[in-house]
1. Checking the conditions here, which among G198, G247, G252 is part of a strand (DSSP E or B) and out of contact with any strand residue (DSSP E or B) (no Cβ under 6 Å at 6 or more places or on another chain)?
2. With the checklist (1) modelled with pLDDT under 95; (2) within 26 Å of V243 (Cβ to Cβ); (3) not hydrophobic (A, V, I, L, M, F, W, C) in hand, flag the one item Q21 doesn't pass.
3. Go through region 15-28 and give me each residue that's assigned to a loop (DSSP other than H, G, I, E, B) and under 45 Å from the mean Cα position of the chain (by Cα).
4. For residues that are assigned to a loop (DSSP other than H, G, I, E, B), more than 16 Å from K186 (Cα to Cα) and open to solvent by less than 80 Å² (accessible area, probe 1.4 Å), tally how many sit in region 206-229.
5. Out of all the residues in region 35-54, which are in contact (Cβ under 8 Å) with a residue 24 or more places away in the chain and either in a loop (DSSP other than H, G, I, E, B) or within 19 Å of Y197 (Cβ to Cβ) (or both)?
6. Just to be sure before I move on: is A209 under 30 Å from D85 (Cα atoms), in contact with a Phe, Trp or Tyr (Cβ under 7 Å, 6 or more places away or on another chain) and among the small types (G, A, S) in the structure I sent?
7. When you go through S163, S150, S204, S195 one by one, which is the residue that is in contact with a Pro (Cβ under 6 Å, 6 or more places away or on another chain) and closer than 30 Å to Q219 by Cβ?
8. Which one is surrounded by the fewest Cβ atoms within 10 Å (Cβ to Cβ), of the residues in region 105-136 that are in contact with a Phe, Trp or Tyr (Cβ under 8 Å, 6 or more places away or on another chain) and in a loop (DSSP other than H, G, I, E, B)?
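The values are calculated or read from the model by the stated rules, or taken from the named source; none is laboratory data. Here the structure is a predicted model, which is why all the values come from computation and not from measurement. Cβ placement follows ideal geometry from the backbone for every residue including glycine, while neighbour counts extend to all protein chains displayed. Each accessible area value is taken on the protein alone, full model and side chains, heavy atoms only, with ligands, DNA and RNA left out. Shrake-Rupley method; radii C 1.70, N 1.55, O 1.52, S 1.80 Å.
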Amino acid sequence: MAAIIVDDAKLLAGSNLAGAQWESQTNATNSFNGTISVCRTGAAATPSLSYSFAGTGFSLVGRPTEGLALTYSIDGSSASPVTLDSDTDLDVIGQEGVVLWSIDDLSPAQHSIQIFPVAGELFLDYITYVPYNLSAHAGEDIVVDDQDSSIAYTGTWRPSLGSATPVGDPYNETWSQTRTVGSSFKTDFTGSTVSVYGALRPMSGRLAATYAIDNGTPQSVVHYDGSQTTTPEGSVSWGMNRVFYKGDLTPGPHTITVTVTEVTETQEYFFDYITYKASEQAPAVPTETSTPGAESGSTSRKMSKGAKAGAIVGSILGFLLLVLLLLWFLKRRRDRRNDSDAEKGAAAEAKEDDDKEDKASGSLPPWTPPHLEVGSGTPAKPATPSDGQSLVKEGSIVEKSATPRPASTGEALEDTAQAKPATASDGEPLSKEDTGVDEQKPESTTPAPAST
């Protein structure tokens, strides 16, 4: 399981080590990053190590010494004595990378721990804790053990559990080793730096490997070129916590692939662990600047805080502008639709008013007599109203036209005050029933006799 690793140099610089008894040593070649902090008790004031973390487990790693005694307090509890692993295993006295004390099964929450050296000398290499939410630790150094399930191996590898050397223990007392050329391993991570650590044994032969980031060109590192001074197997000339490779990257997700390319004579490749500085920023184009096999420094381009703020403000303003344009477009379309509906309603009301006026005036379509209909020999002409006279057609009253109607072929109309009776085709006069016209009597002009 991945953990957060905090070097002693970072603790000393961050005021986590209180008391004048602490001092830093930078020539500890077999310690993590080559540094170790020493606390010598005996002064009047009690020194302490204080650290707050969000996790479920905590470990104190360093070099055990005889006579060392510690107490601890967690989350404000009363101080309790620490049972050191070296109390029961004297063989680890003076070795590097030994877990001095650990506490597990903490609740997944924020915790505060204090460790008080009360006797002897404490050689502190680093601390680790198991986070309950790894993604929330951007900027922290993550350590991944060789036995972690996130590491995929190909080829021939031999895991060594409970491993130890005459000079110290590998991380978590495990490593993976191979003597087969072409064997490899890889793992994914999200970070801005990555380092591969292992152990070196100065035996005869050559040892080399390549280290590739993402799809970049593999970089070859020769760990032993055959000119090294050899020592008998089992001697104390082991090199622990050695940096096999270190690279500075563009912050974001990456994949590192390690391939063993050369192993001769009695040499062997010992892989211990990987560390990387966690990040959340996704890379635009993966880049890498590194010095294989040693500490290296490089500069990667990062967006300034002002540029980030400008980009955020610009994005917000652009979004608001798009929203305003969309609202304006929807309002304009709604207004057009309302105007069209209003025009249609006004036209319908106008038509309804016209129909009401026509009904009130009693205007009806003109009537055409049967003998003047189309097909009778004379073009049909609508009857026109005359001065006070009317034609009756199926119960409808139509006023006669004052203009004389043209006569049919061979007939003439007399210019008389009274219309000539219409005749049938055989010369006989038409009856009232035939014409369909009611005879109207002229009103009498003789005054009625006066009453006596």
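1. From the options G198, G247, G252, the qualifying one is G252.
2. Only one criterion is unmet by Q21, namely (2).
3. S15, N16, T26
4. Result for region 206-229: 2.
5. Of everything in region 35-54, those that are in contact (Cβ under 8 Å) with a residue 24 or more places away in the chain and either in a loop (DSSP other than H, G, I, E, B) or within 19 Å of Y197 (Cβ to Cβ) (or both) turn out to be T35, I36, T41, A43, A45, T46, P47.
6. no
7. S163
8. Once the filter is applied, the top-ranked residue is P108.
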